[in-house]
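The values are calculated or read from the model by the stated rules, or taken from the named source; none is laboratory data. All values derive from a computational prediction rather than experimental measurement. Every residue, glycine as well, gets a Cβ built from its backbone with ideal geometry; the counts of neighbours run over all protein chains shown. Protein only, heavy atoms only, side chains kept; ligands, DNA and RNA dropped before computing areas. Shrake-Rupley method; radii C 1.70, N 1.55, O 1.52, S 1.80 Å.
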Amino acid sequence: MLIVMKPSATASEIDAVVTVVEAVGFRAHPMPGATRTAIGITGNAGPIDGRRFENLAGVAEAIRVTKPYKLITLDLRPEKTIVQIDGATIGGSQLAIIAGPCAIESREQAFAVAEAVKLSGARFFRGCVWKPRTSPYTFQGLGEKAWEIMTAIRNEFGLKIVTEAVEESHVDLIEKYGDVIQIGARNMQNFSLLKRAGRSKLPVLLKRGMAATLEEWLLAAEYIMAEGNYNVILCERGVRTFAQHTRNTLDLASVPAIRRISHLPVIVDPSHGTGTAYMVTPLARAGIAVGADGLMIEVHNQPELALSDSAQALTLSQYAQLIEEVHAIHQLTGSEKKNT
Ligand code: PEP
Ligand code: MN
């Protein structure tokens, strides 16, 4: 059920509807928009009789939602969501660049990369503190020792810190030291982790699972939003196919497909999407051309020595060149057109 308020509805009329929704045992999700507020309702097992809401002051209509999603949809919020992190945005007219090494390895490594990221004009620094690795015998991340380095980078460069929560307890630490909670491909359907992130005040960057359909991915976002966290950023990072020329097959068609269904911002990760440095820049260009709100790029001061994802890391100069090129493409394709 979705309750659409009249454009003239007052804040107290909206509050009154929320009170009734809660009084009958459901959860209300008010979404203010440019012309009207809509209130999504979750927590109901079956259909709700919308007539009880239609006579309330300020209500335009109560609409039954037949799709599996209730909160990610353009029906609830026709305008794009712009995620704001202290003046840095994802989903607005500016291209959002999240760049950094796969993992934080040392202070020297992280600082060298962060300096280049800052110089490029990017606002977000990525780097795993904890690494979900395929093999238990490979580098698992520095763990909590990395937070000291991350904190120094945040203070010195003013970059926003994006890192992956591999388990629920990690969310507590990201809330303490970081700015954006990343949920990785391997955890896209870790529902208790999604719910924990949904109870956080920090934005959540939700990567697509390596075998997830668009619907499964969007329903994972729905898990986060159903807990009350509406700041979700989707990240296309490729899916497993029969192709052997890339690590994953980057599904760029997911960007316009999401635009048609959802108000959430979507970014593209050509690093994990290809797994090979020479393909990262061409696919980054394509990601922006296809309308993504930003990119996640892995970059390393010495890619050949990287402790994880070495083959896909760009050098500092390759990264600088990529940024220049994608900004040129973004200007051509225009975010203004995309937002209308
Ligand atoms: C990462 O961003 O370093 C990562 C592990 O990505 P993914 O979850 O997409 O594999
Ligand atoms: Mn990586």
(request) For region 301-323, name all the residues that are farther than 16 Å from M279 by Cβ and within 14 Å of ligand 1 (Cβ to nearest atom). (result) A306, L307, S308
(message) Between a residue in region 269-288 that is closer than 15 Å to I323 by Cβ and modelled with pLDDT of 95 or more and any residue that is among the acidic types (D, E) and open to solvent by 10 Å² or more (accessible area, probe 1.4 Å), which pairs come within a Cβ distance under 9 Å, given they are 6 or more apart or on different chains?
(response) S271/D309; T281/E325; A284/E325; R285/E325; I288/E325
(message) Taking the condition of being more than 12 Å from ligand 1 (Cβ to nearest atom), buried (at least 24 other Cβ atoms within 10 Å of the Cβ) and under 21 Å from the mean Cα position of the chain (by Cα), how many residues in region 97-122 meet it?
(response) 4
(message) Being touching a strand residue (DSSP E or B) at 6+ places or on another chain (Cβ under 8 Å) and either open to solvent by 50 Å² or more (accessible area, probe 1.4 Å) or farther than 12 Å from G294 by Cβ (or both) is the filter here; which residues of region 82-96 pass it?
(response) I82, I85, D86
(request) Please find, among R126, R154, the residue that is surrounded by 15 or more Cβ atoms within 10 Å (Cβ to Cβ) and within 21 Å of S310 (Cβ to Cβ). (result) R126
(request) Kindly provide the set of residues from region 292-306 that are in contact with a helix residue (DSSP H, G or I) (Cβ under 8 Å, 6 or more places away or on another chain) and surrounded by fewer than 19 Cβ atoms within 10 Å (Cβ to Cβ), ordered by number. (result) Q302, E304
(message) Going through I183, I233, I267 one at a time, which residue ends up being β-branched (V, I, T) and either open to solvent by 10 Å² or more (accessible area, probe 1.4 Å) or more than 26 Å from I329 (Cβ to Cβ) (or both)?
(response) I183
(request) State whether the residues of region 307-317 include one that is open to solvent by less than 30 Å² (accessible area, probe 1.4 Å), touching a residue at least 24 places away in the same chain (Cβ under 8 Å) and more than 16 Å from ligand 2 (Cβ to nearest atom). (result) no
(message) Let me confirm something: among N155, N187, which residue is assigned by TED's automatic domain parsing to the domain that holds A112 and within 12 Å of ligand 1 (Cβ to nearest atom)?
(response) N187
(message) I'd like the full set of residues that are of a type in the set (D, E) and over 24 Å from R77 (Cα atoms), limited to region 174-222.
(response) E175, D179
(message) Being free of Cβ contacts under 8 Å to residues at least 40 places away in the same chain and open to solvent by 10 Å² or more (accessible area, probe 1.4 Å) is the requirement here; does E222 meet it?
(response) no
